[in-house]
Amino acid sequence: MAIEYKDLLGPNGEENNMGGTEQIVYLIRKSDVKTYPAPAAAPANKYVMNTPYVLNTGKKAMQLYTTEDMSELDLGSNGEADGKSFKPMLKLFYPGIDEDAIQFINDVKNDKVNMLVPLNNGKIIQLGSGKHFMTVSPEMKTGTVSGRGLGTFIEISGFVPNILFYSAAVPLTPAP
């Protein structure tokens, strides 16, 4: 079956194309997931996940704050001819150095996660899936007296076959 492409005609003046991300992104641990999202049975677009994550009892998505204008999502291309995929890279900055931040970076550094990244246009990008996971690389810095200040630079990256949108509810309350 041949892939059908849709026309990409460009903006009509009504779009919100502000860069960056919203200031809260969501981290979901692989070990917390009971069922991963999927597209509808007969979707208009098979890359839009419109069923929600179902998490294990007591688990929920972690909210992760990033300083305004210090977040960036790069959905870079990866691979050679006839073998293309994507290597998403999400960069965030969490201000300050406190006990919760230190516990987070110590605990997450070897974990496997999926991320839900709200863009400033209302869309949410899903990084990872049930078969491809993201890893978190935190780097805590004191900064200089006249520079950025205390905080943690966080990079989340991995390899995925497709870029996905997420259009279901973010699981923010502990699962029953």
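Quick notes on this structure:
Here is a yes/no grid of residues against (1) without any contact (Cβ under 8 Å) to a residue 12 or more places away in the chain; (2) over 21 Å from A168 (Cβ atoms):
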| site | (1), (2) |
| --- | --- |
| L8 | yes, yes |
| P11 | yes, yes |
| Y47 | no, no |
| P52 | no, no |
| D74 | no, yes |
| D82 | yes, yes |
| S85 | no, yes |
| L92 | no, yes |
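- For P37: the one exception among (1) closer than 14 Å to Y166 by Cα; (2) touching a Lys or Arg at 6+ places or on another chain (Cβ under 6 Å): (2)
- Residues of the stretch 16-44 classified as in a loop (DSSP other than H, G, I, E, B), modelled with pLDDT of 85 or more and surrounded by fewer than 14 Cβ atoms within 10 Å (Cβ to Cβ), total: 3
- Scanning the stretch 45-95 for residues that are assigned to a strand (DSSP E or B) and among the acidic types (D, E), we see that the one that is surrounded by the fewest Cβ atoms within 10 Å (Cβ to Cβ) is D74.
- One residue from F159, F153, F104 being within 25 Å of N78 (Cα to Cα) and surrounded by 15 or more Cβ atoms within 10 Å (Cβ to Cβ): F153
- Matching entry among N114, N56 (being over 22 Å from Q23 (Cα atoms) and in contact with a strand residue (DSSP E or B) (Cβ under 6 Å, 6 or more places away or on another chain)): N56
The values are calculated or read from the model by the stated rules, or taken from the named source; none is laboratory data. As the structure is a prediction and not an experimental result, all values here were calculated from the model. All Cβ positions, even for glycine, are placed from backbone atoms using ideal geometry, and neighbour counts span all protein chains on display.
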